[in-house]
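Participant: Got a structure for you, written out below as structure tokens; questions coming shortly.
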Amino acid sequence: MAEFSIDRFVDRYAQRTAGMSASEVRALFAVASRPEVVSLAGGMPYVQALPADQVQAVVREVLEGSGSTALQYGGGQGYAGLRETLTRLMAEEGVDADPEDVVVTTGAQQALDLVGKIFIDPGDLIAVEAPAYVGALTAFGAYEPRYLPIDLDQDGMVVDQLEHALLQGSRPKFVYTVPNFHNPAGVTMSYRRREQLVALCREAGIPIVEDNPYGLLRFDGDPLPCLRTLDPENVLYLGTVSKTFSPGVRVGWALAEQSVVQRLVLAKEAADLCASNLTMLITERWFADEERWRGNLQVLVETYRSRRDAMLEAIEEHFPDGAAWTQPAGGFYVWVTLPAWLDTKALLAAAVERRVAYVPGTAFYPDGRGRNQMRLAFCYPPEERIREGIARLGGLLEDEEQLYGSLRP
Amino acid sequence: MRIAILAGGRTPERDVSLRGGHRMMTSLTGIGHETWLLDPADTPLVEALQERRPDLCWLGLHGKEGEDGTVQRLLDLLAIPYTGTAAFDCEVAFDKVLAKDALRRAGVPTPNWVAIEAWALRDLGAGAALGIAVERVGLPCVVKPSRSGSALGVGFVEREADLPAAVMAALSFSGAVVIEAKVEGAEIASSLIGPDLEALPLVEIVPKSGVYDYAARYTAGATEYFTPARVSDDLATVVVEEARHAAAALGLRDLTRVDMLVDRDGRPQVLEVNVSPGMTETSLLPMAAHAAGMSLPDVCDRIVRSAMARA
């Protein structure tokens, strides 16, 4: 009796890869990425807004002026000129930063991985929002934490819940949050909650990891202070140029205390030696021209605002009673909660069949919740495609409601 | 020979199909054929086939369109030979509602079932009959979309109260569902290839999670496979006989995989047949061939010869 093993390394993989499996949802996304499908699934920035000639000019300037630097290895902390630039970007949101406290990473996603690497031991408790950014859950997941999910409402993280958990004896290693235009929930943490969270964590001696990819993409209202501004000593801040310039350059960063910076740099060097000098120089050059980057950001904000409006109007028109959704003041996402009997993961196949796609809610929870929720991204398709996609989804939801009714005698 | 490999398509099994298609291309090229890949989702199929007319189409598509007779009918019209089962038989074999009836009529054992169509629920009030369905089939039961592959949309139901949700999930993939009695036992796949549908060694499937779902099928290491299956020679003979019986009843050709359960009393029951069995690195038919000492190119060669014998 021979046992046939298709993967001869099967017994050798680390335990932490156990969660890395094939999934039905991924299989459906292979179809959802086809052009005939209106994809409200992926959070792809609208890079077509970038003026191609200006980007080309920047790349040419870099290669002509600093070619030998651009094509060489760099230091683990990242190109100093760019770190200077990034502090100016943070100043836009009121964050005061020293370039020496900045580590450039391969997108903010790598910063999440490095944070996991230097802070999480297997079994450690990490407080996350519920729902949470799925990429943070998978990045931290490799370090085998346990999660303490804290609910979100219209005002962001329900800090009372965290406080209650702390009173019950929970001691998370850190609290991870996306306070502005949350992915996937679209909500923004209120000022009162920010103060409450910062005070609570300071008192309990629990650091906060503040992930702020969307902060500069505000469509309405006034900006709120970053957590980092409220408590520079206890907040580790993560940023990215993926939403303000280009995700293709893979430039993100972490801003932290020197002691943390040193560990992040060592971890970064162990992971990939250094960020790409070529794209760091391109990014620095792009942001060197105030008019250029602000002009592009303005176009992005106006485009996304108009797409958000199109999505919210279409949802209002086409979604059935019993559906609830968030009203994002910026960012990329609307979060929809449907009647409890609907299973958005199961429904995705029928949605793709009708040429529309979304991300089912369960992906964003570490504890299996979110069955009746979905994330809709308005960042990529133009307004008329968004309206078409929402109309298709609305029709499907209506049919499901009828079907559900027929199954309940 | 000039062989167009049809793979990809617009179904949830698109990736699986492409992975298998690329493997077939390597194998067929390796034994001297001129091959190219045609993805009907990227290229208008008829135009592409007329422009570059192959001697044979290798059908590596999965799911609707590829397995339900649609593409086969089109190739019949264009008079291009293809691998696998003829259009009408595909239509029956791919649809569990039809296939299970055809199997039972032919005397092939298959778990007890009830079929319900979505429109019967919507327009005829069939929901009121769900209770009767449960009585007929018993609990626990398995709810399957009638026309879908790779266990997509399949749900296991322990309590009657969970049946509506499972039915809705399955209907997301297809216009009808089969509610089937859950048979406890060993899961065994019988792969048959060539003009006489010769049996390859049986593969026994032991998913670590207990359920042979999508993740268990396509994640290396998530399932243990034993080939030959851990059954007596006598039982293996009976299992293969039933597999061939099912294949004959449904008119299958060139290659197929018959998925079965051997219940606790040692009786094989046919769950379903596949007109386009998976050919990826974790798929059962290539695994069975490997156990028989056949390489993938050997398998491809037999299938191509079997198909061309009809041309």
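Participant: Within segment B:213-221, can one find any residue that is surrounded by fewer than 22 Cβ atoms within 10 Å (Cβ to Cβ), among the β-branched types (Val, Ile, Thr) and within 14 Å of another protein chain (Cβ to nearest Cβ)?
Facilitator: Within segment B:213-221, one or more residues are surrounded by fewer than 22 Cβ atoms within 10 Å (Cβ to Cβ), among the β-branched types (Val, Ile, Thr) and within 14 Å of another protein chain (Cβ to nearest Cβ).
Participant: Quick check on my filter: what residues within segment B:258-281 are more than 24 Å from B:ASP68 (Cβ to Cβ) and within 14 Å of chain A (Cβ to nearest Cβ)?
Facilitator: Of everything in segment B:258-281, just one residue is more than 24 Å from B:ASP68 (Cβ to Cβ) and within 14 Å of chain A (Cβ to nearest Cβ), namely B:GLU281.
Participant: Next question. For segment B:190-212, name all the residues that are more than 23 Å from B:ARG305 (Cβ to Cβ) and either among the polar types (S, T, N, Q) or within 13 Å of another protein chain (Cβ to nearest Cβ) (or both).
Facilitator: Those that are more than 23 Å from B:ARG305 (Cβ to Cβ) and either among the polar types (S, T, N, Q) or within 13 Å of another protein chain (Cβ to nearest Cβ) (or both): B:LEU202, B:VAL203, B:GLU204, B:ILE205, B:VAL206, B:PRO207, B:LYS208, B:SER209, B:VAL211, B:TYR212.
Participant: Would segment A:46-62 turn up any residue that is within 14 Å of chain B (Cβ to nearest Cβ), touching a residue at least 60 places away in the same chain (Cβ under 8 Å) and surrounded by 15 or more Cβ atoms within 10 Å (Cβ to Cβ)?
Facilitator: No, because not a single residue in segment A:46-62 is within 14 Å of chain B (Cβ to nearest Cβ), touching a residue at least 60 places away in the same chain (Cβ under 8 Å) and surrounded by 15 or more Cβ atoms within 10 Å (Cβ to Cβ).
Participant: What do you reckon, is B:VAL231 facing chain A (nearest Cβ under 8 Å), touching a helix residue (DSSP H, G or I) at 6+ places or on another chain (Cβ under 8 Å), of a type in the set (Val, Ile, Thr) and crowded, with 20+ Cβ neighbours inside 10 Å?
Facilitator: It is false that B:VAL231 is facing chain A (nearest Cβ under 8 Å), touching a helix residue (DSSP H, G or I) at 6+ places or on another chain (Cβ under 8 Å), of a type in the set (Val, Ile, Thr) and crowded, with 20+ Cβ neighbours inside 10 Å.
Participant: Quick check on A:GLY156: is it within 25 Å of A:PRO232 (Cα to Cα), small (Gly, Ala, Ser) and crowded, with 22+ Cβ neighbours inside 10 Å?
Facilitator: yes
Participant: Under 20 Å from A:GLU36 (Cα atoms) and away from chain B (no Cβ under 14 Å) - does that describe any residue in segment A:356-366?
Facilitator: Looking through segment A:356-366, at least one residue is under 20 Å from A:GLU36 (Cα atoms) and away from chain B (no Cβ under 14 Å).
Participant: For the structure I just gave you, tell me whether B:GLY60 is in contact with an Asp or Glu (Cβ under 7 Å, 6 or more places away or on another chain) and closer than 17 Å to A:ALA30 by Cβ.
Facilitator: Against the criterion (in contact with an Asp or Glu (Cβ under 7 Å, 6 or more places away or on another chain) and closer than 17 Å to A:ALA30 by Cβ), B:GLY60 does not qualify.
Participant: Output the residues belonging to segment A:218-241 that are surrounded by fewer than 24 Cβ atoms within 10 Å (Cβ to Cβ), farther than 15 Å from A:ASP96 by Cα and hydrophobic (A, V, I, L, M, F, W, C).
Facilitator: A:PHE219
Participant: Looking at segment B:47-134, what helices (runs of 4 or more DSSP H) fall wholly within it and have at least 2 residues that are within 13 Å of chain A (Cβ to nearest Cβ) and farther than 18 Å from B:ALA247 by Cα?
Facilitator: Qualifying helices (runs of 4 or more DSSP H): B:118-124.
Participant: So B:GLU241 fits all but one of (1) in contact (Cβ under 8 Å) with a residue 12 or more places away in the chain; (2) more than 14 Å from chain A (Cβ to nearest Cβ); what number is the exception?
Facilitator: Unmet condition: (1).
Participant: Find the helices (runs of 4 or more DSSP H) located wholly in segment A:98-204 whose residues include 2 or more that are closer than 24 Å to A:GLN262 by Cα, and list them.
Facilitator: Filter on segment A:98-204 gives A:107-119, A:134-141, A:191-204.
Participant: Let me ask another. Of A:SER190, A:SER170, which residue is closer than 23 Å to A:PHE119 by Cβ and hydroxyl-bearing (Ser, Thr, Tyr)?
Facilitator: Exactly one of A:SER190, A:SER170 is closer than 23 Å to A:PHE119 by Cβ and hydroxyl-bearing (Ser, Thr, Tyr), namely A:SER170.
Participant: Would you call A:PHE119 buried (at least 17 other Cβ atoms within 10 Å of the Cβ) and in contact with a Pro (Cβ under 6 Å, 6 or more places away or on another chain)?
Facilitator: no
Participant: When B:THR11 is evaluated against the numbered criteria (1) assigned to a loop (DSSP other than H, G, I, E, B); (2) at pLDDT 95 or above; (3) touching a Leu at 6+ places or on another chain (Cβ under 9 Å), which criterion, by number, is the only one it fails?
Facilitator: All conditions are met except number (2).
The values are calculated or read from the model by the stated rules, or taken from the named source; none is laboratory data. All of these numbers come straight from a predicted model, not from anything done at the bench. A quick note on method: Cβ atoms are made from the backbone with ideal geometry, for glycine too, and the neighbour counts reach across all protein chains shown.
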